[in-house]
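One structure is given here, and the rest of the page talks about it.
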Amino acid sequence: MKKYVLIAAAMMAVMPMAAQETYENARLLQDDLNGTARYVGMGGAMEALGADISTIGTNPAGLGLFRHSTINGSFGIVAQASAPSFAQGTKTNVSFDQIGFVWASKNGRNSYLNFGFNFKKNKNFDYILAAAGNLGGRASQNALSFLKLIGADDPVTGETTFNFKNGHGTDIWTTQLDNLYYNHLNVDNQGVFGYSFANNYLLNREESGYIGEYNFNISGNINDRVFLGLTFGLKDVHYKGIATYTEDLVSGESVYPAGNVVTEDERRVTGSGFDIKAGIIVRPVAESPFRIGAYVHTPTWYSLTTKNYTKMYNNTNPHVDGYNEHFIQSNAYDFKLFTPWKFGFSLGHTVGNYLAIGATYEYADYSSTDTRVNDGGYYETWYDWYGPYTEYYQSSYSDREMNSHTQKTLKGVSTVKVGLEYKPAPDLAVRAGYNYVSAMYNSDGEKDGTLDSYGTNYASATDWVNWKSTNRFTFGIGYNIDKLSLDLAYQYSAQKGDFTPFLGGSGDVHYADPTGQIQTHHIDNYAPSTEVKNDRHQVLFTIGYHF
């Protein structure tokens with residue numbers, strides 16, 4: 001076992017491709033397929049068909065097709081059948097998904113002016129992630145921190161591999177997790193430092209919470225040919241993730257013997273945001289029910305707070321029995337996040353009163369997501385008849401380093417939705433739908449803990465998943481009893497991804513041997529990826545009343 005004195009350096013080739021905050025923020029960017037059971041049963045392909053309250057959040061013009069006032073609410077069950085039990089997470093969760101109303105008022109012979117409100121659960125975070133892999137005694141999370149620790153000036157060439165700063169006299173950007181390793185595993189109380197490789201790793205993470213959207217709408221119907229709508233949306237974010245990461249260490253270049261290291265991390269993201277949506281539906285031929293729809297969504301302008309509480313346990317110290325030795329790191333960080341613009345185009349057609357067919361295409365470029373750093377604010381004083389009054393305005397600026405990384409890691413996403421509704425009887429409807437959502441992540445994306453960014457400084461986990469495309473299959477049934485409507489829908493969503501526990505890198509470590517001669521030791525620290533899945537089942541029930 002070699003012990004390195006802290007005059008060493010590394011010539012590293014980590015090849016940064018991604019950043020911590022990009023992956024944290026990506027959780028907030030995409031919406032689930034959710035709403036009323038009729039909307040979900042048709043795969044959400046109703047942006048040109050309209051006359052469903054769920055279109056308030058996609059194509060606001062859809063509410064202009066209502067000719068009767070209505071109120072409805074939806075709830076159901078979301079299940080992740082293949083997930084293991086972990087922490088307080090459960091495979092099956094009850095979910096309250098939607099409640100809203102539309103007030104339809106006639107404004108001429110064939111025209112209406114409608115007002116609507118709807119709450120919808122845009123994102124359900126309930127998910128359990130389990131991943132395990134074999135490191136073969138050739139890589140570890142703490143070895144990554146070790147390579148960063150010694151990435152200072154090379155004692156032979158005088159060159160610096162990175163231009164980072166961490167406030168500890170070296171030139172490296174570090175994370176909270178690096179700090180825990182530096183102080184409690186990589187360096188002992190004699191100033192001697194090292195690292196340990198691991199045979200294998202195990203990660204379990206339980207995510208919970210939701211993004212709720214509160215939409216307020218005004219829509220119009222002009223002569224039953226042109227439908228216009230405008231929606232103002234408020235969003236409420238509640239995310240919680242609890243994770244445990246374990247490595248089975250083996251003796252190597254460590255200051256301590258082999259043992260286990262366990263990291264427990266809890267992260268919360270809360271905050272709010274708002275956006276504006278506008279849409280139009282046109283019936284180009286007066287004698288035909290065929291409709292064309294188009295809509296645009298502004299970015300969601302989020303103000304968010306992220307907090308974490310991280311513990312590290314290890315039994316590698318021979319003077320401590322069991323896992324009695326633990327260390328704590330916690331912090332909080334306020335920031336802003338501006339999501340990309342979204343554009344949609346849709347087609348809809350009905351045949352008599354027994355068949356409706358819809359198709360929708362949406363596009364959003366998630367590489368343009370803007371992560372912003374709060375830099376305080378300013379006061380402005382105004383004067384009126386009653387004297388002066390002062391208002392406070394918070395300002396922010398773009399995190400260029402993180403946004404540059406986001407551009408390399410995320411990409412544009414296309415969503416295709418198709419659906420139909422068939423009525424074998426006037427009061428009975430059968431529905432089916434399908435969604436294809438292309439991948440948001442580049443396949444070679446990585447979470448990089450070396451970026452000059454607050455997203456790096458406040459990071460408390462090194463793992464990431466590059467999720468691939470999503471396929472959704474939906475079915476539904478509906479029945480009307482006079483003015484009462486009862487609808488039931490089932491949705492199956494399937495997605496695969498590649499999980500990686502930490503960023504790979506290598507370096508030539510330079511150290512002084514007992515004779516004072518500079519020696520070189522090469523370190524390769526790469527972790528293989530493993531496949532994970534996010535397969536969900538949803539059963540949704542809606543009860544509605546029109547008047």
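Please find, among Ser368, Ser414, Ser398, the residue that is at pLDDT 95 or above and out of contact with any helix residue (DSSP H, G or I) (no Cβ under 8 Å at 6 or more places or on another chain).
Checking each option against the conditions leaves just Ser414.
Among the residues of segment 270-296, which ones are acidic (Asp, Glu) and closer than 30 Å to Leu337 by Cα?
Asp275
Please indicate, with yes or no, whether at least one residue in segment 451-470 is among the aromatic types (Phe, Trp, Tyr) and within 30 Å of Lys423 (Cβ to Cβ).
No, segment 451-470 contains no residue that is among the aromatic types (Phe, Trp, Tyr) and within 30 Å of Lys423 (Cβ to Cβ).
Criterion first (modelled with pLDDT under 95, within 26 Å of Gly133 (Cα to Cα), over 30 Å from the mean Cα position of the chain (by Cα) and not hydroxyl-bearing (Ser, Thr, Tyr)) does Ile518 satisfy it?
Taking the combined requirement at face value, the residue does not satisfy it.
If the requirement is being open to solvent by 70 Å² or more (accessible area, probe 1.4 Å) and modelled with pLDDT of 95 or more, which of these qualifies: Tyr386, Tyr363?
Criteria check complete, one pass: Tyr363.
From the list Ser506, Ser469, which residue is of a type outside the set (A, V, I, L, M, F, W, C) and touching a residue at least 60 places away in the same chain (Cβ under 8 Å)?
Ser506
Could you list, in sequence order, the residues of segment 193-203 that are under 30 Å from the mean Cα position of the chain (by Cα) and surrounded by fewer than 17 Cβ atoms within 10 Å (Cβ to Cβ)?
Result: Asn200, Leu202.
With the requirement that a residue be under 26 Å from Tyr492 (Cβ atoms), outside any loop (DSSP other than H, G, I, E, B) and among the small types (Gly, Ala, Ser), what does segment 43-65 give you?
Within segment 43-65, Ser54, Gly57, Gly62 qualify.
Quick check, is Ala286 modelled with pLDDT under 95 and either open to solvent by less than 60 Å² (accessible area, probe 1.4 Å) or not β-branched (Val, Ile, Thr) (or both)?
Yes; evaluated as a whole, the condition is true for this residue.
What do you reckon, is Gly44 open to solvent by less than 50 Å² (accessible area, probe 1.4 Å), at pLDDT 95 or above and in contact with a Leu (Cβ under 6 Å, 6 or more places away or on another chain)?
Against the criterion (open to solvent by less than 50 Å² (accessible area, probe 1.4 Å), at pLDDT 95 or above and in contact with a Leu (Cβ under 6 Å, 6 or more places away or on another chain)), Gly44 qualifies.
If I go through segment 204-235 residue by residue, how many of them are assigned to a strand (DSSP E or B) and open to solvent by 40 Å² or more (accessible area, probe 1.4 Å)?
Residues flagged as assigned to a strand (DSSP E or B) and open to solvent by 40 Å² or more (accessible area, probe 1.4 Å) within segment 204-235 amount to 10.
Does Asp32 count as of a type outside the set (S, T, N, Q), under 26 Å from the mean Cα position of the chain (by Cα) and assigned to a loop (DSSP other than H, G, I, E, B)?
yes
Name the residues in segment 521-547 that are out of contact with any Leu (no Cβ under 9 Å at 6 or more places or on another chain) and hydrophobic (A, V, I, L, M, F, W, C), would you?
Once the filter is applied, which keeps residues that are out of contact with any Leu (no Cβ under 9 Å at 6 or more places or on another chain) and hydrophobic (A, V, I, L, M, F, W, C), segment 521-547 yields only Phe547.
Is it the case that Arg38 is of a type in the set (Lys, Arg), open to solvent by 20 Å² or more (accessible area, probe 1.4 Å) and outside any loop (DSSP other than H, G, I, E, B)?
yes
When both residues are 6+ apart or on different chains and their Cβ atoms are under 9 Å apart, which pairs have a first residue that lies in segment 201-225 and is under 30 Å from Ser288 (Cα atoms), and a second that is hydroxyl-bearing (Ser, Thr, Tyr) and buried (at least 23 other Cβ atoms within 10 Å of the Cβ)?
The qualifying pairs are Asn217/Thr231; Ile218/Thr231; Ser219/Thr231.
Going through segment 432-461 one residue at a time, which ones are closer than 18 Å to Arg400 by Cβ and touching an Asp or Glu at 6+ places or on another chain (Cβ under 6 Å)?
Those that are closer than 18 Å to Arg400 by Cβ and touching an Asp or Glu at 6+ places or on another chain (Cβ under 6 Å): Leu451, Asp452, Ser453, Gly455.
Taking the residues in segment 423-463 that are hydrophobic (A, V, I, L, M, F, W, C) and open to solvent by less than 30 Å² (accessible area, probe 1.4 Å) as candidates, determine which candidate is farthest from Glu247 (Cα to Cα).
Ala429
The rows are residues; the columns are (1) in contact with a Gly (Cβ under 8 Å, 6 or more places away or on another chain); (2) outside any helix (DSSP H, G or I); (3) open to solvent by less than 40 Å² (accessible area, probe 1.4 Å).
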| position | (1), (2), (3) |
| --- | --- |
| Val94 | yes, yes, no |
| Gly100 | yes, yes, yes |
| Asn110 | no, yes, no |
| Lys121 | yes, yes, yes |
| Leu129 | no, yes, yes |
| Gly133 | no, yes, yes |
| Gly136 | no, yes, yes |
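Tyr490 - would you say it is open to solvent by 20 Å² or more (accessible area, probe 1.4 Å), among the hydroxyl-bearing types (Ser, Thr, Tyr), in a strand (DSSP E or B) and closer than 30 Å to His546 by Cα?
yes
The values are calculated or read from the model by the stated rules, or taken from the named source; none is laboratory data. Being a predicted model, the structure only gives us computed values, none of them experimental. Heads up, the Cβs are rebuilt from the backbone with ideal geometry, glycines too, and the neighbour counts pull from every protein chain shown. Just the protein is used for accessible areas: all its heavy atoms, side chains included, with ligands, DNA and RNA removed. Shrake-Rupley method; radii C 1.70, N 1.55, O 1.52, S 1.80 Å.
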